[in-house]
1. In degrees between 0 and 90, to the nearest 10, how far off the longest principal axis of the chain does helix 52-76 point, with axes built from Cα atoms?
2. Quick one: give the max-minus-min coordinate of the C-alpha atoms of the stretch 66-121 along each principal axis, largest first, in Å.
3. Lysine pairs in the chain 8 or more apart or on different chains: how many have alpha carbons under 30 angstrom apart?
4. Take the Cβ-Cβ distance between Ile30 and Trp135 as r, set R0 to 41 Å, and report the resulting FRET efficiency rounded to the nearest 0.05.
5. Compute the length gained on full extension between Asp203 and Asp189: take 0.36 nm times their separation in residues and subtract their Cα-Cα distance, giving the result in nm to one decimal.
6. Just want to confirm a number: the relative contact order over the chain, from Cα pairs under 8 angstrom separated by 6+ residues, in percent.
7. Could you check the simple spin-label distance between Leu51 and Lys196, using points 7 Å along Cα→Cβ, in nm with one decimal?
8. Could you calculate the FRET efficiency of Phe89 with Leu161 from 1/(1 + (r/R0)^6), where r is the beta carbon distance between them and R0 is 30 Å, rounded to 0.05?
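Since every read-out is calculated from the coordinates, none of them should be taken as a lab result. Being a predicted model, the structure only gives us computed values, none of them experimental. With ideal geometry, Cβ positions are generated from the backbone for all residues, glycine too; neighbour counts draw on all protein chains shown.
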Amino acid sequence: MESRSVESIETQILEPNKGTSFSRTCFNGINALSGIGIISIPYALSQGGWLCLMLFFLVAIICCYTGLLLQKCMSVSPSIKTYPDIGEFAFGNKGRILISIFLYLELYLVAIEFLILEGDNLQKLFPNAKIHVGWVKIVGREVFVLLVAVVILPTTWLKSLSLLAYVSIGGVLASIVLVFSIFWVGAIDGVGFKEKGAIWRWDGLISA
C-alpha cells in the first residue's frame, strides 16, 4: 500500500495535471468566440442587410448540430480525441491523412488572414511607418505584418491552455475597450447611431 501511494505521489509530481481552471477556460472560450466577430458581424450586416441575421441563426443551428455529432463520435470510442481520430475511425488511415490536411491547412490560412488583417488595420493608424534592417527597407503593411508575427509567435510555443489564458485575458480586454470606444464615439462625441441600414442587399451578400 505504501509503495503504491509513493508511486502515485511521484506520478503527480513528475506528471502534473495539464488541465486548466474553469475561469481560465472561460477566458479562452470568450477570446476565441469574440474578437474579430465583434467587427466582422456588423460589417456583414452593413453589406448584406438586416436579413443576414437569418443566415447567422442558420449557421448557429448548423454549428450546434455538428457539435452534437462530434460529441456522439467521441462517445463511440475513448480513443477518439481529435478530428483526425474521427477520420481514422470512419475511413481508416486515409481518412486521418485527409482530415489532417484540411485541418492544418485551415489553421495555416487563418493565421495568414489574421496577419494581413492586423497589417491593414495598423497601417491605417500609422500610415508612415517604416523600418530599416541593414540595406533592406520595409514600409507600409509589411512592417506591421512582421511585427505582429514576432509578437504572436511566442504564444504558439505555449503547451498549456492555463498559460494561454493570460493571453486570452488580453484579447478579452481589447474587445471590451473596442466596444467601449465605439459606444463613446457614437453616444458622447456626437457621431450618433443614425445609420439604419438596408433590409437586404444582393450586391453585398457575397462579401457579407
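1. Approximately 10 degrees, to the nearest ten.
2. Principal axes ranked by extent give 45, 24, 15 Å for the Cα atoms.
3. For the chain, the number of qualifying lysine pairs is 12.
4. Efficiency, rounded to the nearest 0.05: 0.35.
5. 1.8 nm
6. 37 percent
7. 1.7 nm
8. Efficiency for this residue pair is about 0.75.
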